[in-house]
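The values are calculated or read from the model by the stated rules, or taken from the named source; none is laboratory data. Note that the coordinates shown come from a computational prediction; the quantities given were computed from them, not determined experimentally. Cβ atoms come from the backbone with ideal geometry, glycine included; neighbour counts cover every protein chain shown.
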Amino acid sequence: MTDIRRRKLLAAGAGAGLAAVTLSVLPSARATPQEMAAAIAKFTGGAAHRPGKVNFDIAQLIDNGNAVPVTISVDSPMTAADHVTAIGIFNERNPSTDIAIFTLGPRAGKAQVSTRIRLATSQRLMAVARLSDGSYWSQAVDVIVTLAACIEGEAP
Amino acid sequence: MARALVHMPPAAKAGEVIEIRALISHPMETGYRPGPDGKVLARDIIRRFSCRYNGEQVFSAELHQAISANPYIGFFTVATVSGTLEFSWEGDNGFAQTEKMAITVSAS
């Protein structure tokens, strides 16, 4: 049996088997730290962001990158005069740098959001919060991912 | 119609901060992944989530491919008056769904 036919059989049995064949035809799908900085600059409108106030809660060692629980909270009284208006989450090694942007207001009561994200590989993540006075605060975290999400579409 | 689950307290005191957890079943196909035929599957994600409290928007989110399948979003809001909270999800291929939950607010 030729190698190609064996691969066809594998593909019929389990779709994942085909991934190896298609890897070479896929475009290089991976963002870079520069792209993350650009995505953050787009969110902040070019303004500088300082580390602090933001608490990015995520496991340091992630078993499964397909669904990683994250919680971002910001130290803010959430009053009409002083509140968080937006929280953005960014990554540097997924195919796309944006993860999510949450829009909050004084009606939120508490500046905290949770969700579940995908991570393609071990990398640095950053959460940036925009406050009502126009300042930006951030926190970066480094995580280790053992089982990657979107592994089928990754370059070797 | 996708299955959506929203968890929130049915009653609260005025001024109380309540937690809302919203979950919807959706594949969140990234558009980077090859399917069984080897061709890259088209992107199909939820782009936007919003929560309106008696018509006024209190929270919204812009989602990207890095959000897991069956998107879960947990957030907080202040219970002000009795009424309805409306949760809506919008996405690719004309995906749109709205869920409504009633809340009873008593004077503190």
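Within the range A:73-85, can one find any residue that is closer than 30 Å to B:Leu41 by Cβ and either surrounded by 14 or more Cβ atoms within 10 Å (Cβ to Cβ) or free of Cβ contacts under 8 Å to residues at least 24 places away in the same chain (or both)? No, there is no match, as no residue in the range A:73-85 is closer than 30 Å to B:Leu41 by Cβ and either surrounded by 14 or more Cβ atoms within 10 Å (Cβ to Cβ) or free of Cβ contacts under 8 Å to residues at least 24 places away in the same chain (or both).
Scan the range A:112-123 and tell me whether some residue there is away from chain B (no Cβ under 13 Å) and closer than 21 Å to B:Gln57 by Cβ. No, the range A:112-123 contains no residue that is away from chain B (no Cβ under 13 Å) and closer than 21 Å to B:Gln57 by Cβ.
Within the range A:100-144, which residues are aliphatic (A, V, I, L, M), outside any loop (DSSP other than H, G, I, E, B) and within 14 Å of the chain's Cα centre (by Cα)?
Scanning the range A:100-144 gives A:Ala100, A:Ile101, A:Ile117, A:Leu125, A:Met126, A:Ala127, A:Val128, A:Ala140, A:Val141, A:Val143, A:Ile144.
Considering the range B:49-67, the residues that are crowded, with 20+ Cβ neighbours inside 10 Å and among the small types (Gly, Ala, Ser) include one that is farthest from B:Gln97 (Cα to Cα), namely B:Ala66.
Determine, yes or no, whether A:Thr71 is within 13 Å of the chain's Cα centre (by Cα) and assigned by TED's automatic domain parsing to the domain that holds A:Arg130. Spell out how you get there, then give the answer.
On the way: within 13 Å of the chain's Cα centre (by Cα): yes; assigned by TED's automatic domain parsing to the domain that holds A:Arg130: yes.
Spelling it out, A:Thr71 is indeed within 13 Å of the chain's Cα centre (by Cα) and assigned by TED's automatic domain parsing to the domain that holds A:Arg130.
The residues on offer are B:Ala2, B:Ala107, and the sole one that is more than 13 Å from chain A (Cβ to nearest Cβ), surrounded by fewer than 16 Cβ atoms within 10 Å (Cβ to Cβ), out of contact with any Lys or Arg (no Cβ under 8 Å at 6 or more places or on another chain) and not β-branched (Val, Ile, Thr) is B:Ala2.
Among residues of the range A:36-65 being more than 13 Å from A:Ser138 (Cβ to Cβ) and surrounded by 17 or more Cβ atoms within 10 Å (Cβ to Cβ), the one that is farthest from the chain's Cα centre (by Cα) is A:Ile62. The set of residues in the range A:83-99 that are within 7 Å of chain B (Cβ to nearest Cβ) and either in contact with a Cys (Cβ under 8 Å, 6 or more places away or on another chain) or in a strand (DSSP E or B) (or both) comprises A:Asn91, A:Asn94, A:Pro95, A:Asp98, A:Ile99.
For B:Ile73, the requirement of being under 15 Å from A:Ile117 (Cα atoms), surrounded by 18 or more Cβ atoms within 10 Å (Cβ to Cβ) and more than 8 Å from chain A (Cβ to nearest Cβ) is not met. When the range B:1-48 is filtered for residues that are touching a residue at least 12 places away in the same chain (Cβ under 8 Å), of a type in the set (Lys, Arg) and under 25 Å from B:Ala96 (Cβ atoms), the ones remaining, listed by number, are B:Arg3, B:Arg21, B:Arg43, B:Arg47, B:Arg48. Within the range B:19-42, one or more residues are surrounded by fewer than 17 Cβ atoms within 10 Å (Cβ to Cβ), polar (S, T, N, Q) and more than 12 Å from chain A (Cβ to nearest Cβ). Only residues that are in contact (Cβ under 8 Å) with a residue 24 or more places away in the chain, touching a Leu at 6+ places or on another chain (Cβ under 7 Å) and under 15 Å from B:Gln65 (Cβ atoms) were counted across the range A:91-135, and they come to 2. When B:Glu62, B:Glu16, B:Glu99 are screened for being of a type in the set (D, E, K, R) and within 8 Å of chain A (Cβ to nearest Cβ), only B:Glu62 passes.
Close contacts from the range B:55-84, counting a first residue that is in contact (Cβ under 8 Å) with a residue 40 or more places away in the chain and a second that is surrounded by 23 or more Cβ atoms within 10 Å (Cβ to Cβ) and charged (D, E, K, R), with Cβ to Cβ under 9 Å and a gap of 6+ residues or different chains, come to B:Ser68/A:Arg118; B:Ala69/A:Arg118.
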